[in-house]
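Below is one structure, written out as structure tokens; comments come after it.
The values are calculated or read from the model by the stated rules, or taken from the named source; none is laboratory data. Just so you know, these numbers come straight off a predicted model, no measurement behind them. Counting neighbours? That spans all protein chains shown, and the Cβs are built from the backbone with ideal geometry, glycine included. Heads up: the accessible areas ignore ligands, DNA and RNA and are worked out on the full protein's heavy atoms, side chains in. Shrake-Rupley method; radii C 1.70, N 1.55, O 1.52, S 1.80 Å.
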Amino acid sequence: MSEEKDLEQLTTSVIAQDAQPVKTRAYCSVCNRLFREPKIMPCLHTFCLDCICQLEPFSVAAGRHRDDPEQEGGDGGTTKEKAARVNVTVLCPDCDSEVDLPLSGPAGLSTDHLALDDVFLETLVSNGTLGCDLCGEGRAESRCEVCCVNLCEFCFQAHRRQTRTASHSIQQLQDLKSQGRLCRPVLCALHPGQELRLFCQPCDLPVCLECAATLHSEHRCCPAHKVIGCHSDRIRTLVTVRLRPHLQKLEQTLQKVEVSQEALQMRVEATASEVRTFAQGYVSAVEAHCLALLRRLEELHLQRRNQLHLQRAQLQQALSDIRGGVDFADRLLSCGSHAEILSTKGVTLRRLSSLAESSCDGQLAALIPDDGSSIRFDPRGQAGDLSGFPVVGVIHFKALDPNKCTIDGEGLQQANEGQQAHFTLVCRDSAGDQMARGGDHVLVSIVHREKKNCMVECTVLDNNDGSYKVSYTPNEAGMYSVWVCVKAQHVKGSPFVLNVTKKLRHHTGMFHCCSFCSSGGSKEARCGCPGTMPGGFQGCGHSHKGHPGKPHWSCCGSTTEKSECLPASVIKAVSAGKHLRTVEL
């Protein structure tokens, strides 16, 4: 066809190689070159025919196309041709819409004549060289608007001399270039040279005179200038009434979105600045908190190290003293004469006894050094605010404080001879809180105050919660000293005083009535046995202040009741110091 040939010549003469994309309507957005056979997609975007053919099908389905112009009952081709037709859907490269191609393929799409005009004008504006479409040798200087061909000077004269083309409108290319637009007729694709002057209403297509006389002879065809108003009004109404207001709303909404986007960007930047400022302040606070934690750790280190140095010095001094005493005693016993031993035994025994007592008292040899296990770091512990920022991370130092340790239970104050007693030692830190772990070295020593060699064996049970259960069984009554030491240090109140009472033995012999009850509560009554009552009254340990009419049978603190009453005549016998009615159980 002449238009397609003209377009191909224009494109070939101007584009010798691929150029950079140009933002004009004469260029295809896919290949970035001047349009070649531009076709209009149903979404009203124009692309080259070759570019449309190269699009990947989005979906393919067999059957009749929904926009197929063939009427029912018409000749739609043979059965084989119908089976070969498929519905092909592609995605528009510009708007990404799903577009159905005609059953005849991309070539069946409408040609974009405005794009052809833009290509021609773009060629003129870009000072491209156009060859003559007739002879192909000369340089084109004019253009026939009817034939749509470019003519050199020689062909232009020949075009004027021919009768058939003598009346065609011919314009100079320079004039077209200065006008900035191209006004030319649209020619029929089936009949070259025939302008589309008519409009077939049943087919809804523009046709030429030959098409109206042959293919559309039975259809109603009207001049294009008579029906253009109706169709233009429909388009204009859609644009004016529906699309343009919607377009304005979209533009306003888009403007709001752009304003919101700018506000969002500004807000994000401001927030980012706040975050950076906060982060810098937080980092400074964390660094300051880190330095404070390290200083606290160093203080604890120095404190515990000084304590270890002091304990080490005490141990070394105790070791030196004991070693010196032992060496002196060994040398005295091995090398000294009887007179020398006897003459120095006093000072030697005093010194050795003092060393032995102090060693047992302080228990320095049993010291367990502090290995720092009481120091720990809690990364989640709340450390308060620093410079307005909450910080976490606390160094816990739960050091055992013997002065804060407590004793629970009565077994540390009083016990019975031959019976097991116990008490609980609760180890606490300097804050008075119970230690959460065990493992501390606890030493308990129970020694008779008068009989130094009388010691009570103790059992210490670690409950692994900071408490220790101490059990013991005293075998002899009397006053005892209880030494309770934790890590070689006395707990508060140590040594404690323990009173062990004599065991009450069960009487299996003769029982008799006490003189107090038998005499009706007479304080002057005396009994023949040496027992006395708690109130200073003589009897057999009976604890009641008085008992009218019902005598009690007792002896040595044991009490039993009898239901019978004693006659009043027995009081004289009681006061005479004789046992009354002794009963053997």
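Brief remarks on what is shown
- Cβ-Cβ under 8 Å pairs, at least 6 apart or on other chains, the range 295-307 side in contact (Cβ under 8 Å) with a residue 40 or more places away in the chain, far side aliphatic (A, V, I, L, M): R296/I395; L297/I375; L297/I395; L300/I375; L300/I395; R304/I375; R304/A399
- Taking each residue of the range 266-282 that is more than 17 Å from V391 (Cα to Cα) and looking for partners that are of a type outside the set (D, E, K, R) and surrounded by fewer than 11 Cβ atoms within 10 Å (Cβ to Cβ) with beta-carbon atoms closer than 8 Å, six or more apart or interchain, yields nothing.
- Scanning the range 181-235 for residues that are among the small types (G, A, S) and outside any loop (DSSP other than H, G, I, E, B) returns A212, A213, A224, G229, S232.
- From the list P379, P390, the lone residue that is farther than 21 Å from Q434 by Cα and at pLDDT 85 or above is P390.
- From the options L264, L238, residue that is at pLDDT 85 or above, surrounded by 11 or more Cβ atoms within 10 Å (Cβ to Cβ), within 28 Å of the chain's Cα centre (by Cα) and in a helix (DSSP H, G or I): L264
- Unmet criterion (only one of (1) in contact (Cβ under 8 Å) with a residue 24 or more places away in the chain; (2) loosely packed, with under 14 Cβ neighbours inside 10 Å) for L173: (2)
- For D440, the requirement of being surrounded by 13 or more Cβ atoms within 10 Å (Cβ to Cβ) and either farther than 30 Å from G281 by Cβ or among the small types (G, A, S) (or both) is met.
- Residue pairs meeting the criteria (Cβ under 7 Å; at least 6 apart or on separate chains; first touching a residue at least 60 places away in the same chain (Cβ under 8 Å) and among the hydrophobic types (A, V, I, L, M, F, W, C), in the range 489-503; second open to solvent by less than 50 Å² (accessible area, probe 1.4 Å) and not in a strand (DSSP E or B)): V491/P402; V491/C405; F496/L412; L498/L412; V500/E417; V500/P474; V500/A477
- When S29, S59, S13, S104 are checked against the criterion of being open to solvent by 40 Å² or more (accessible area, probe 1.4 Å), hydroxyl-bearing (S, T, Y) and at pLDDT 85 or above, S29 stands alone in meeting it.
- Meets criteria (over 15 Å from S481 (Cα atoms) and among the basic types (K, R)) for R428: yes
- Criterion: among the basic types (K, R) and open to solvent by less than 60 Å² (accessible area, probe 1.4 Å) - qualifying residue of K487, K451, K469, K404: K487
- All positions within the range 490-513 that are open to solvent by 20 Å² or more (accessible area, probe 1.4 Å), at pLDDT 75 or above and not in a loop (DSSP other than H, G, I, E, B): H490, F496, V497, N499, T501
- H441 satisfies every condition listed in (1) at positive phi; (2) touching a residue at least 40 places away in the same chain (Cβ under 8 Å) except (1).
- Filter result for L294 (closer than 30 Å to R380 by Cα and surrounded by 14 or more Cβ atoms within 10 Å (Cβ to Cβ)): no
- Sole residue being under 23 Å from I395 (Cβ atoms) and in contact with a strand residue (DSSP E or B) (Cβ under 6 Å, 6 or more places away or on another chain), chosen from A285, A292: A285
- For the range 28-61, the set of residues classified as among the aromatic types (F, W, Y) and more than 16 Å from V88 (Cβ to Cβ) consists of F35 only.
- The range 473-484, subset of a type in the set (S, T, N, Q) and not in a strand (DSSP E or B), residue least open to solvent (accessible area, probe 1.4 Å): T473
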